[in-house]
Amino acid sequence: RHGASYVSDQNDKDLIMEAEEERDMGWDEIKKQLEEFEVKAVKVGIQSGDTTADGKESLAYVAWLHEFGSPGGMIPQRSFIRAGTEEKQGDIESKYEELGPAIFNAGANAEQMLNILGQEATAIIQNKITSGPFTPDSPETIRRKGSSSPLIDTGHMRASVRHVVCGADDFSSD
């Protein structure tokens, strides 16, 4: 900041003149964009409120059963969210580093950047559902489904993986 002030005595009714020249070189906008990251977050996975294809069950619960395995062990752990994102953590970090300068150079904002990262993570999770590897389905499950692809019956769960940009205060594990 560069500035100059000229103030004369008001009792003399002289003109008060104050001139200030600001050269922030975009720093105020950069600071504003960075502050957005403190108040925004992105959730990726099966979102609260989604239901199975038949509408009878919470899809988040079904996904949780597969992600962690059922308490009685009838459904084995087939992690697709944690395993998928852990396997591709380097790719996610690279995308973040690639997108970072966009905030400064192209005028992108935090929400746009988080949407791109959310799309990337969504694709990673969907690809993990498709490619596995996972504990195979039981013979009974294969007969019922007509296929031997774990985690894929109708494709509804895979298609339901999505991201949502929200306020950091709204972020919860629901």
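Below are the figures for this structure:
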{"item": "Relative contact order [Cα under 8 Å, 6+ residues apart], the range 33-174, whole percent", "result": "39 percent"}
{"item": "Flagged links, alpha-carbon separation over 25 Å, of LYS95/LYS145; LYS95/LYS128; LYS56/LYS88; LYS31/LYS88", "result": "LYS95/LYS145; LYS56/LYS88; LYS31/LYS88"}
{"item": "Inter-label distance, nm, simple model (7 Å from Cα along the C-beta direction), GLU98/THR130", "result": "1.8 nm"}
{"item": "Inter-label distance, nm, simple model (7 Å from Cα along the C-beta direction), ARG82/HIS156", "result": "2.6 nm"}
{"item": "Ellipsoid equivalent to the range 52-128 - semi-axes via the Cα gyration tensor, in Å", "result": "33, 15, 8"}
{"item": "Carbon plus sulfur fraction of accessible area for the range 25-174, probe 1.4 Å, in percent", "result": "52 percent"}
{"item": "Interatomic Cα distance distribution for the range 30-174, bins of 5 angstrom, percent", "result": "2, 9, 16, 20, 18, 12, 9, 6, 4, 2, 1, 0"}
{"item": "Per residue, in Å², the accessible surface of the range 89-152 once ligands and nucleic acids are set aside, probe 1.4 Å", "result": "58 Å²"}
{"item": "Two-site label geometry, SER147 and ALA53: point separation in nm, points 7 Å out along Cα→Cβ", "result": "0.8 nm"}
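The values are calculated or read from the model by the stated rules, or taken from the named source; none is laboratory data. Note that the structure is predicted; figures quoted are calculated from it, not measured. Positions of Cβ are backbone-derived with ideal geometry, glycine not excepted, and every protein chain shown enters the neighbour counts. These area figures cover heavy atoms from the full protein model, side chains too; ligands, DNA and RNA do not enter into them. Shrake-Rupley method; radii C 1.70, N 1.55, O 1.52, S 1.80 Å.
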